[in-house]
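K.L.:
Before I ask anything, let me first share the structure, which is written out below as structure tokens.
The values are calculated or read from the model by the stated rules, or taken from the named source; none is laboratory data. Bear in mind the structure is a predicted one, so any value in this text is a computation, not a measurement. Cβ placement follows ideal geometry from the backbone for every residue including glycine, while neighbour counts extend to all protein chains displayed.
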């Protein structure tokens, strides 16, 4: 037997649910709660919503889009190292680091799904006997391809132990632009 819904007859399986004052279509899945702590589904046959505990993945964040909470991909972010050196982290914080060592500038945390493995390592040295240091080498590993740039290697880069002049190679692009070397690989940029 059909049911009257919004001035037209539909089979009972086509009816939706009313949840917290909002109509949901049969089979509709939606997140519930400010922290997206429950994933719910509307059973059009019974008219009831069933929710189960869940959460967003590590690559997602719970936020309101189109007036409704949901798990959405984290926005893209950029980090940079430049100047004497000044760093800007992925969250936009600025700081200085004057150490003389080799350190990890950026890498994939845990086993992040959907993001290729990458790691950026920088090496710094003291500069002209002053209490500051400068970056002298950068190593970028993207999916097993190691790119090495150094202030002693002007206009060239080493890619997987081969010396390359300003390249576009296997989805990796390196170009020299005044005092910067721009490195791009599948949306990972190092300036």
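K.L.:
What number of residues within the range 121-136 are touching a residue at least 12 places away in the same chain (Cβ under 8 Å) and either surrounded by 12 or more Cβ atoms within 10 Å (Cβ to Cβ) or under 27 Å from the mean Cα position of the chain (by Cα) (or both)?
P.N.:
Taking the range 121-136 first, the residues touching a residue at least 12 places away in the same chain (Cβ under 8 Å) are 121-126, 131-136.
With the extra rule that they be either surrounded by 12 or more Cβ atoms within 10 Å (Cβ to Cβ) or under 27 Å from the mean Cα position of the chain (by Cα) (or both), the set shrinks to 121-126, 132-136.
Final tally of qualifying residues: 11.
K.L.:
Checking the conditions here, which among 98, 86, 119 is under 23 Å from residue 163 (Cα atoms) and in contact with a strand residue (DSSP E or B) (Cβ under 9 Å, 6 or more places away or on another chain)?
P.N.:
Exactly one residue qualifies, and that residue is 119.
K.L.:
Scan the range 41-57 and give yes if some residue there is closer than 30 Å to residue 150 by Cα, touching a residue at least 24 places away in the same chain (Cβ under 8 Å), in a loop (DSSP other than H, G, I, E, B) and in contact with a strand residue (DSSP E or B) (Cβ under 7 Å, 6 or more places away or on another chain), otherwise no.
P.N.:
If we filter the range 41-57 for residues that are closer than 30 Å to residue 150 by Cα, which is where we start, we get none.
Within the range 41-57, none of the residues are closer than 30 Å to residue 150 by Cα, touching a residue at least 24 places away in the same chain (Cβ under 8 Å), in a loop (DSSP other than H, G, I, E, B) and in contact with a strand residue (DSSP E or B) (Cβ under 7 Å, 6 or more places away or on another chain).
K.L.:
Need pairs with beta-carbon distance below 6 Å; first residue in a loop (DSSP other than H, G, I, E, B) and within the range 149-163, second at pLDDT 75 or above; sequence gap 6+ or separate chains.
P.N.:
Going by the 6 Å Cβ cut-off, the qualifying pairs are 151/136; 160/145; 160/146.
K.L.:
A further question on this structure: Can you name every residue in the range 20-40 that is touching a strand residue (DSSP E or B) at 6+ places or on another chain (Cβ under 7 Å), farther than 18 Å from residue 62 by Cβ and not in a loop (DSSP other than H, G, I, E, B)?
P.N.:
Passing the criteria: only 24.
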